[in-house]
Amino acid sequence: MYSMPKIKIITGSVRPNRFNDQPSNWIYDIATKRKDAEYELVNLAEMNLPFLDEPKSPKAREYTKDNTKAWSEKVEASDGFLFVTPEYNHSVSPALKNALDFLYYEWNHKPASFISYGAEAGGARSVEHLRAVCGELKMYDLREQLILPNYWENQNESGEYQFNEKHEEAANRILDELVFWSTEMKSAREKMTVAVKK
């Protein structure tokens, strides 16, 4: 029986007054109108993850902290991820890197897509670093991404980013790929589980 994939849209910043909320909410609104997956917007600031404080490697999967266990359950229940990330000093935000480092198996064999923002590079260098991290976590990074360079230049007087039709087309291409591979890899993970049990 077919069940829709579960996709988490994860905010990559926890700063007060962050711009991250705008692209995160925008892509979430587009996603929930599609009816092809179960989407959830995950606010890292609400997960209350400290800097990695588990005494054992995540590969041991012996978590001692309640916030780690809650994070593990949320990621484990997911079939794919869309990371909305800023770029800090040519790289990924420490909050997002930290959230990734808390876990291991929960990320395995699941696809990841990206929306990034920043100055001239639009967060592209952050995504390049994230791709390497995702590879080490046995995730599958998808080529499609949306880059928002010098995002402040495209905000109105109220500070609202002015998304256009091209942005929306790019968003739907990202979601098309993410839904397809989330579905395919969910099936593949189930086959792997059966093979291991044999």
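The values are calculated or read from the model by the stated rules, or taken from the named source; none is laboratory data. Here the structure is a predicted model, which is why all the values come from computation and not from measurement. Here Cβ is always computed from backbone atoms with ideal geometry, including for glycine, and neighbour counts include all displayed protein chains. The accessibility values were calculated without ligands, DNA or RNA, using every heavy atom of the protein model including side chains. Shrake-Rupley method; radii C 1.70, N 1.55, O 1.52, S 1.80 Å.
At-a-glance table
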| item | result |
| --- | --- |
| Residue pairs meeting the criteria (Cβ under 7 Å; at least 6 apart or on separate chains; first modelled with pLDDT of 95 or more and part of a loop (DSSP other than H, G, I, E, B), in the range 12-25; second β-branched (Val, Ile, Thr) and open to solvent by less than 10 Å² (accessible area, probe 1.4 Å)) | GLY12/VAL84; GLY12/THR85; ASN20/THR11; ASN20/VAL84 |
| Any pair with Cβ under 9 angstrom, 6 or more apart, that starts in the range 57-74 at a residue that is without any contact (Cβ under 8 Å) to a residue 12 or more places away in the chain and ends at one that is open to solvent by 70 Å² or more (accessible area, probe 1.4 Å) and not charged (D, E, K, R) | GLU62/PRO55; THR64/PRO55 |
| So ALA112, is it small (Gly, Ala, Ser), in contact (Cβ under 8 Å) with a residue 12 or more places away in the chain and either open to solvent by 20 Å² or more (accessible area, probe 1.4 Å) or in contact with an Asp or Glu (Cβ under 6 Å, 6 or more places away or on another chain) (or both) | yes |
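Let's see how each residue does on (1) farther than 18 Å from LYS6 by Cα; (2) in contact (Cβ under 8 Å) with a residue 24 or more places away in the chain:
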| site | (1), (2) |
| --- | --- |
| VAL179 | no, yes |
| SER182 | no, yes |
| SER187 | no, no |
| MET192 | yes, yes |
